[in-house]
Every structure is written in structure tokens, then in C-alpha cells.
Amino acid sequence: MATHFMSQSHLPIDARTYPGIQGTVLAFDFGEKRIGVAMGETMLKLAHPLQTIEAEKNDEKFAAIEKLLAEWRPSLLVVGLPMYLDGQPHTLTLLAKKFAQRLEGRFRLPVTMIDERLSSAEASQRLSETGIHGRAQKGLIDACAAQTILQSYFDQQTTSQNAAT
């Protein structure tokens with residue numbers, strides 16, 4: 001894994017891909033106030049919402065992430081890349097890239113980013129379909145958005161593998 005990790009360190013954080021990595025993957029829906037977290041396994045390619053990290057200070061957020069990494073021991077981290085619907089970056093785009101770079105630098109794990117446009121809207125719709133509406137979604141929506149991000153990553157990997165065969 002270290003060779004995968006080091007061989008892409010020259011690329012921008014949002015251009016790195018790690019198609020050969022196997023094992024547990026943690027995904028993050030980055031927000032300034034809350035960070036949604038999901039997990040999944042590369043073998044099953046199914047994402048599950050895990051939790052929402054809600055903390056004021058970055059140190060508290062990274063301490064919570066460190067606990068999750070110790071518990072789940074992921075091989076890869078996936079961070080959602082927020083953009084406007086037309087693909088243009090906005091303020092959160094830069095912050096999410098910075099967050100991804102901090103994850104990589106602090107925890108020495110490979111990090112990849114994936115387009116997350118509409119992930120929160122999709123998560124909200126899924127929660128509504130299960131009978132969770134309005135304010136009741138607040139504590140759940142970020143973890144569900146992270147689940148959507150991770151499932152998109154897995155689906156993209158499957159599509160790439162099928163195209164290669």
C-alpha cells in the first residue's frame with residue numbers, strides 16, 4: 001500500500017486514485033460544522049452510514065477521526081468533493097481539499113476524492129422515504145451523505161473494473 005500512496009503524492013489531492021486497494025474504506029462528507037462518516041468494504045462494495053462528527057475545534061474533529069481509524073483500520077479514505085451543479089468549485093471545495101490533505105498528512109493513509117454533487121439531497125430523500133423528515137434528519141443526513149459518497153466511489157470502481165475486462 002505504501003507504494004500506491006507514495007507514487008501519487010505528486011498529484012493534486014483530487015486527482016489521486018487507488019484502484020488496487022482492498023479492505024475497509026472510510027468516507028467523509030466534509031462540512032464546516034459537521035462531518036458525516038460512512039464505512040464499507042472493497043470486497044462487498046456496500047456503504048453504510050457510521051456517524052456524524054460534530055465538534056467546534058479541528059483538534060476535536062481529528063481526535064474523533066483518529067478513534068474511528070483505530071477502530072476500523074481502513075486501507076483508504078474517500079472525501080466528497082463539493083462543487084456547484086455545473087462543476088465549478090465554490091468555497092467548500094477548497095476547504096474539502098484542505099481537509100483531505102490534512103487527513104493524508106496526519107494519518108499517512110491514501111486519500112481520494114469523489115464528486116459529491118447532490119449527495120446531501122439524495123441522503124435527505126432516502127431519509128424521507130424511511131419516514132424521517134425535517135429537523136429529525138439533522139443528526140443523520142451527514143452520515144447518509146457520506147454513505148452516498150462512498151457508494152458512488154464503489155460504483156465507480158465497479159464500472160472501471162468492468163470496462164477493463
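The values are calculated or read from the model by the stated rules, or taken from the named source; none is laboratory data. Remember, it's a predicted structure, so these values are computed and weren't measured experimentally. Note that each Cβ is placed from the backbone with ideal geometry, even for glycine, and that neighbours are counted across all protein chains shown.
One line per residue, one yes/no per condition, for (1) of a type in the set (D, E, K, R); (2) under 23 Å from His90 (Cα atoms):
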{"position": "Asp14", "(1), (2)": "yes, yes"}
{"position": "Tyr18", "(1), (2)": "no, no"}
{"position": "Gln22", "(1), (2)": "no, no"}
{"position": "Gly31", "(1), (2)": "no, yes"}
{"position": "Gly36", "(1), (2)": "no, yes"}
{"position": "Ala47", "(1), (2)": "no, no"}
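Among the residues of the range 25-45, write down those that are of a type in the set (D, E, K, R) and surrounded by fewer than 22 Cβ atoms within 10 Å (Cβ to Cβ). Step through it out loud before you land on a result.
Step one: filter the range 25-45 for residues of a type in the set (D, E, K, R), giving 29, 32-34, 41, 45.
Residues satisfying the conditions are Glu32, Lys33, Arg34, Glu41, Lys45.
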Selection count where residues are in contact with a helix residue (DSSP H, G or I) (Cβ under 9 Å, 6 or more places away or on another chain) and over 14 Å from Pro12 (Cβ atoms), scope the range 81-98: 3
Checking Ala38 against (1) in contact (Cβ under 8 Å) with a residue 40 or more places away in the chain; (2) part of a loop (DSSP other than H, G, I, E, B), which single condition isn't satisfied? (2)
From the residues in the range 49-106 that are farther than 21 Å from Ser152 by Cβ and of a type in the set (Lys, Arg), which one is surrounded by the fewest Cβ atoms within 10 Å (Cβ to Cβ)? Lys57
Set Ala27, Ala64, Ala55: member being among the aliphatic types (A, V, I, L, M), over 17 Å from Val111 (Cα atoms) and at pLDDT 95 or above: Ala64
Which of the residues spanning the range 108-122 are in contact with a helix residue (DSSP H, G or I) (Cβ under 6 Å, 6 or more places away or on another chain) and in a helix (DSSP H, G or I)? Ser119, Ser120, Glu122
